[in-house]
Structures are given as C-alpha cells and as structure tokens.
C-alpha cells in the first residue's frame, strides 16, 4: 500500500524533534513563521518578473499552498486538485520565464484569474470548502484591478505573439554570431577617438578651478524598462 506525500511528511513530523541552531528561524513560533513563509513565496513570485501576475506567480502560489497543506496536515479534495494543477502549470510557467518564451492565452487567463497571488491567499485563508468562493472573489477583484490601473497592465507574460518570440531569438542569435569585424592593421573608431577624448579631458581639467573637477556625464541614460504597475511600487520600498 503506497503512502501519500503528505502522510509521509506527517509521519516524519511526528518523530522526535531534532535540535535546531537557526537563531532567526527559531525566533518565531510556527504559527507566525508559516504565514511569513507563505507571504514570502507569493511576494517572490511577483518580484521575479516585477509584476502582480506573471509567468512565475503560479508556481510561487502553488508552493505557498503546499506549505499551508503541510502545516495543516493535509487538504480537502478540491484544494488538493487545485494544488496539483498549480504545480504542473507553474512548472511550465517557470520554464517560459527562464527562456522568455511566449505563453498561450489559456495560461494567461488561468494565471490571472485562478492562480493570482490574491486567489491563492484567499484559498489559504478560507476553509477548504469555500475554495470556489475564494476564486470568484479573487477573479472579481482582479477585474476591478485591471480597470483601476488601465491603461497600465498589472500582469506581464513575456512576448505577446509567437512571432515576437521567434524574432527575439533570431535577433539574439544574430548579435551573438555577427560581431564587429576589425583588422589588426586598422585602428577602430574608439581607438581613433581616444586621443581627442584625452585632449578634451585635459583641457577641461585645466579650465576647472583648483581642487575641483568637471562633473561626469551620466552613462546609459535610456528609458526605464519597467513593466505594469508593480515595479515602481517595489522600487519605492
């Protein structure tokens, strides 16, 4: 007779406790440490792609729910199916995040309305029998969130089309293979302009008052690549 994963974990937890020397970990009782760990997983999923919902939040939410299940000693049937499906879909989302791949519309809908951080939080907070209510409330709240932050989008799922993903891959391959060709007998543009830049720097130093130096110009002043509405909020923190 096979033993389930949660039964095995419960059996291990029922054995004699092993002394721990983690001072920070032992500073919190389990009923505080477990919620902190769950919230940390949800926030980590949002922070990875700097958006409220993205390709990694599904797996992060599934991990947070798994922690809840282990602390509670198990889950109901509906929550168990919800957890298992979230682990599978979340693994696919993590792969898409790593390779920055395009994800289909079904993943976007499921991630935003079924496995958003708010949905997982309510599933953990409410009793197992109230899971459908938690998903309905979270889905409605996410709709209102989209309307509130429009035209900004509280989600990011990578390339918008498969063609955009293929074009990005092709561009990356071209940049990797087609580097600038230089001949050893001919100086490069940067090398040719080096004496002029040195002379200009010397003139600026000579014109500056004693003990002061001209301020350097900012480097790489390109536009920010922030996505959605969460990156700006996180950087304020």
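Observations on the model:
- Within segment 100-120, the set of residues being in contact with a helix residue (DSSP H, G or I) (Cβ under 9 Å, 6 or more places away or on another chain) and in a helix (DSSP H, G or I) comprises 107, 110, 111, 112, 113, 117, 118, 119, 120.
- So residue 34, is it in contact with a helix residue (DSSP H, G or I) (Cβ under 9 Å, 6 or more places away or on another chain), assigned to a helix (DSSP H, G or I), surrounded by 13 or more Cβ atoms within 10 Å (Cβ to Cβ) and modelled with pLDDT of 95 or more: no
- Pairs meeting the criteria (first residue in segment 154-181 and at pLDDT below 75, second residue not in a helix (DSSP H, G or I), beta carbons under 9 Å, at least 6 apart or on different chains) are 180/188.
- Each residue in segment 90-109 was checked for being under 17 Å from residue 62 (Cα atoms) and in contact (Cβ under 8 Å) with a residue 24 or more places away in the chain, and 8 pass.
- Flag if residue 140 is over 30 Å from residue 167 (Cα atoms) and either in contact with a helix residue (DSSP H, G or I) (Cβ under 9 Å, 6 or more places away or on another chain) or surrounded by fewer than 19 Cβ atoms within 10 Å (Cβ to Cβ) (or both): yes
- The lone exception for residue 80 - which of (1) surrounded by 15 or more Cβ atoms within 10 Å (Cβ to Cβ); (2) touching a residue at least 12 places away in the same chain (Cβ under 8 Å) it fails: (2)
- Matching residues in segment 121-135 - criterion: being free of Cβ contacts under 8 Å to residues at least 12 places away in the same chain and either assigned to a loop (DSSP other than H, G, I, E, B) or under 18 Å from residue 70 (Cβ atoms) (or both): 125, 126, 127
The values are calculated or read from the model by the stated rules, or taken from the named source; none is laboratory data. Everything quoted here is computed from the prediction, not taken from an experiment. Reconstructed Cβ throughout: ideal geometry from the backbone, glycine too, with neighbour counts over all protein chains shown.
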